[in-house]
């Protein structure tokens with residue numbers, strides 16, 4: 001809304017904008033409704049949680065406040081007569097290759113409020129994707145490919161520290177470390193109850209159990225409804241220590257210390273008080289309505305030695321029955337940090353790339369901090385191999401895995417397993433509208449409002465997550481087969497199966513892969 | 001009472017010995033010659049168990065502990081009561097940094113001074129109210145991010161010239177109560193808290209806590225003049241509520 005000359009509005013009988021009104025609420029999207037098709041069922045009015053669509057019974061008109069539309073597609077999909085189409089609003093500002101909407105849109109909001117612009121999901125800036133510049137090898141003539149439909153193909157992976165050597169096997173001195181078995185090299189990424197809905201978390205937990213893989217509680221504690229799935233749970237310990245107790249640590253397959261997150265490396269998390277409902281309060285073990293603050297550093301960890309202290313505190317508390325994971329964001333010195341983490345005693349190291357999603361993060365940080373997963377992963381794997389400590393920890397890659405091809409490429413770059421977060425949300429109906437932080441998700445994924453939650457039945461979330469992982473697994477098997485491999489273990493760190501397209505020499509070296517055609 | 005001699009025993013073995021004793025039904029254990037072994041009491045769950053520790057236990061004493069009572073006849077190091085759920089820790093001496101991190105319940109009584117970042121992230125939940133009493137003085141970031149529970153800082157057992165509490169006391173605090181037995185200048189305090197003098201209900205709350213503190217540590221202190229105390233409570237349970245725009 002613009003400020004006009006004094007008196008201009010009043011002369012028309014209109015209200016003068018108040019100070020807190022937005023100075024510039026230029027709509028981004030337009031809800032176009034074909035009135036001839038509209039049967040006034042008001043489904044769209046009920047479906048929209050963003051206060052965009054209203055009904056005026058006096059005029060019998062469904063009308064929209066377009067500037068509130070976030071293009072979540074809920075009304076478009078649910079409209080029984082397909083009368084609705086969400087479009088981009090107008091032609092935008094005068095073309096400008098330097099000033100994009102992401103910049104000036106944020107500047108307007110900040111000029112209104114003086115606040116930090118918050119957003120959800122992952123970095124959507126047009127940085128180059130290394131995944132898209134890598135292609136896979138295939139067998140032709142000299143090495144036969146394998147048909148996964150008729151021949152055995154193994155996707156099993158053991159996650160955790162491996163033994164030093166097998167010579168002592170069977171002897172008393174032989175030391176075995178706790179490992180967890182994933183039937184597929186795909187697990188569900190850490191997403192806390194609070195950031196996501198309980199229904200979605202239950203769906204993932206049930207899917208993980210059926211698939212023989214794992215889901216991750218995130219830092220929000222383990223809800224009692226998830227106890228039946230505890231053997232498939234990786235439970236997180238973060239700086240806020242929400243819901244962390246001895247029992248929590250034991251209700252798990254593995255424990256994970258969260259140091260950082262790819263979407264917001266170096267900053268903490270913060271679940272606003274209005275989202276701390278009764279159920280979330282119970283799970284996080286904090287009072288209802290109080291802020292749940294996870295500061296950036298864990299204040300008992302200022303060094304690798306301190307990290308070792310916490311890793312072994314967890315190992316002691318669980319009597320060495322659980323592998324301990326440490327999750328870090330992909331940053332500049334990730335390889336050296338990873339080496340330290342492995343030496344500190346971590347059995348699993350999670351590398352979260354800068355495309356990784358979030359329930360809420362300052363937009364400026366999500367969009368500009370961290371490095372791509374591909375290079376971080378390659379650097380970590382290379383460093384651990386060179387230092388001969390790669391067997392001491394499994395690597396889980398996460399942050400922007402979009403398809404089974406990304407899974408295969410990540411494993412060829414050195415990962416043991418990948419976590420999928422955004423992809424798992426897609427299976428539940430996410431439309432990438434980036435409003436996770438508002439707690440109003442129209443699809444019932446990142447909300448805990450009872451009416452919205454009901455839109456995502458647990459059974460549906462479970463079925464669809466299972467389908468997605470099954471589909472990807474089939475494709476991974478196909479890709480393994482065409483490369484002449486019959487187990488996922490033969491692919492791990494097998495960079496000969498990758499070739500770069502359109503990368504510089506330095507980029508190829510960093511990724512540890514060769515140029516296509518060579 | 002079962003005796004365990006910790007001399008020359010690595011922490012991993014020592015903790016295994018303690019756990020084995022508890023599994024076999026021992027309720028009271030005395031561990032002697034402790035020299036910095038870590039994680040003693042870590043993850044123990046039996047509320048009837050009492051462990052007497054002679055010597056200086058190492059870091060993360062009673063991490064994730066849920067029930068037992070630890071009685072340390074000496075100083076303790078960093079990380080005492082890390083993410084503890086219930087139980088009691090009595091330290092007849094000083095303790096290091098980050099005491100009671102993320103503590104959700106139980107009691108920690110420390111006779112003398114403590115280091116930096118003590119009582120941070122403490123949280124209360126329903127019937128769980130963590131209590132920490134410190135007889136001496138504390139360093140910077142005392143009670144940072146505190147979200148619940150009761151912390152009492154007495155400044156009564158050590159007598160030196162430094163202030164009773166360091167900088168950034170109660171910074172980011174959004175729940176719980178801190179009692180300090182001395183006036184603290186505003187410049188030491190985080191902007192998220194307000195200072196009050198004690199009311200009758202505070203005195204009623206503190207008296208049994210202080211009596212238990214004195215009897216557990218077997219000392220007598222003149223600490224019942226409540227007019228000397230101040231109380232810090234957060235201005236809001238939502239300190240950062242208006243920081244963001246969507």
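The values are calculated or read from the model by the stated rules, or taken from the named source; none is laboratory data. From a predicted model like this one, the values you see are computed outputs, not experimental measurements. Note that each Cβ is placed from the backbone with ideal geometry, even for glycine, and that neighbours are counted across all protein chains shown.
Report yes if residue A:481 is under 23 Å from residue A:152 (Cα atoms), surrounded by fewer than 22 Cβ atoms within 10 Å (Cβ to Cβ) and either modelled with pLDDT under 95 or assigned by TED's automatic domain parsing to the domain that holds residue A:422 (or both), otherwise no.
yes
Return a yes/no flag: does the range B:39-49 have any residue that is surrounded by 24 or more Cβ atoms within 10 Å (Cβ to Cβ), without any contact (Cβ under 8 Å) to a residue 40 or more places away in the chain, more than 9 Å from every other protein chain (Cβ to nearest Cβ) and in contact with a helix residue (DSSP H, G or I) (Cβ under 7 Å, 6 or more places away or on another chain).
yes
Take residue A:260 and tell me if it is over 23 Å from residue A:461 (Cα atoms) and either within 14 Å of chain B (Cβ to nearest Cβ) or part of a loop (DSSP other than H, G, I, E, B) (or both).
Here the answer is yes, as residue A:260 does meet what is asked.
In this structure, is residue A:344 in the same structural domain as residue A:197 (by TED's automatic domain parsing), over 19 Å from residue A:163 (Cα atoms) and over 22 Å from the mean Cα position of the chain (by Cα)?
No, not satisfied.
Do you know which residues across the range A:312-336 are more than 8 Å from every other protein chain (Cβ to nearest Cβ), under 27 Å from residue B:96 (Cβ atoms) and surrounded by fewer than 22 Cβ atoms within 10 Å (Cβ to Cβ)?
Correct list: A:320 only.
Taking the range B:1-28 on its own, how many of its residues are closer than 25 Å to residue B:104 by Cα and either more than 14 Å from chain A (Cβ to nearest Cβ) or crowded, with 18+ Cβ neighbours inside 10 Å (or both)?
Total meeting the criteria: 5.
With respect to the numbered conditions (1) touching a residue at least 24 places away in the same chain (Cβ under 8 Å); (2) over 22 Å from the mean Cα position of the chain (by Cα); (3) over 15 Å from residue A:190 (Cβ atoms), which one is the sole condition not fulfilled by residue A:248?
The single condition residue A:248 does not satisfy is (3).
Does any residue of the range A:145-155 turn out to be within 23 Å of residue A:352 (Cα to Cα), touching a strand residue (DSSP E or B) at 6+ places or on another chain (Cβ under 9 Å), surrounded by 12 or more Cβ atoms within 10 Å (Cβ to Cβ) and at pLDDT 95 or above?
Yes, some residue in the range A:145-155 is within 23 Å of residue A:352 (Cα to Cα), touching a strand residue (DSSP E or B) at 6+ places or on another chain (Cβ under 9 Å), surrounded by 12 or more Cβ atoms within 10 Å (Cβ to Cβ) and at pLDDT 95 or above.
On the basis of being touching a helix residue (DSSP H, G or I) at 6+ places or on another chain (Cβ under 6 Å) and either closer than 23 Å to residue A:417 by Cα or not assigned by TED's automatic domain parsing to the domain that holds residue A:272 (or both), does residue A:215 make the cut?
When the stated conditions are applied, residue A:215 passes them.
For the range A:416-432, enumerate the residues that are surrounded by 24 or more Cβ atoms within 10 Å (Cβ to Cβ), in a loop (DSSP other than H, G, I, E, B) and over 13 Å from the mean Cα position of the chain (by Cα).
A:416, A:428
Within the group B:63, B:95, which residue is closer than 21 Å to residue B:117 by Cβ and away from every other protein chain (no Cβ under 12 Å)?
B:95
Conditions: (1) on the phi < 0 side of the Ramachandran plot; (2) more than 14 Å from chain B (Cβ to nearest Cβ). Residue A:370 meets all but one. Number of the miss?
Going through (1) on the phi < 0 side of the Ramachandran plot; (2) more than 14 Å from chain B (Cβ to nearest Cβ) one by one, residue A:370 breaks only (1).
Please determine, by comparing only the residues of the range A:234-246 that are within 9 Å of chain B (Cβ to nearest Cβ) and closer than 16 Å to residue A:323 by Cα, which one is surrounded by the most Cβ atoms within 10 Å (Cβ to Cβ).
If we take residues in the range A:234-246 being within 9 Å of chain B (Cβ to nearest Cβ) and closer than 16 Å to residue A:323 by Cα, then A:237 is surrounded by the most Cβ atoms within 10 Å (Cβ to Cβ).
For the range A:289-311, how many residues are part of a loop (DSSP other than H, G, I, E, B) and within 10 Å of chain B (Cβ to nearest Cβ)?
9
Touching a strand residue (DSSP E or B) at 6+ places or on another chain (Cβ under 7 Å) and closer than 25 Å to residue A:442 by Cβ - does that describe any residue in the range A:96-111?
So far as the range A:96-111 goes, yes, one or more of its residues are touching a strand residue (DSSP E or B) at 6+ places or on another chain (Cβ under 7 Å) and closer than 25 Å to residue A:442 by Cβ.
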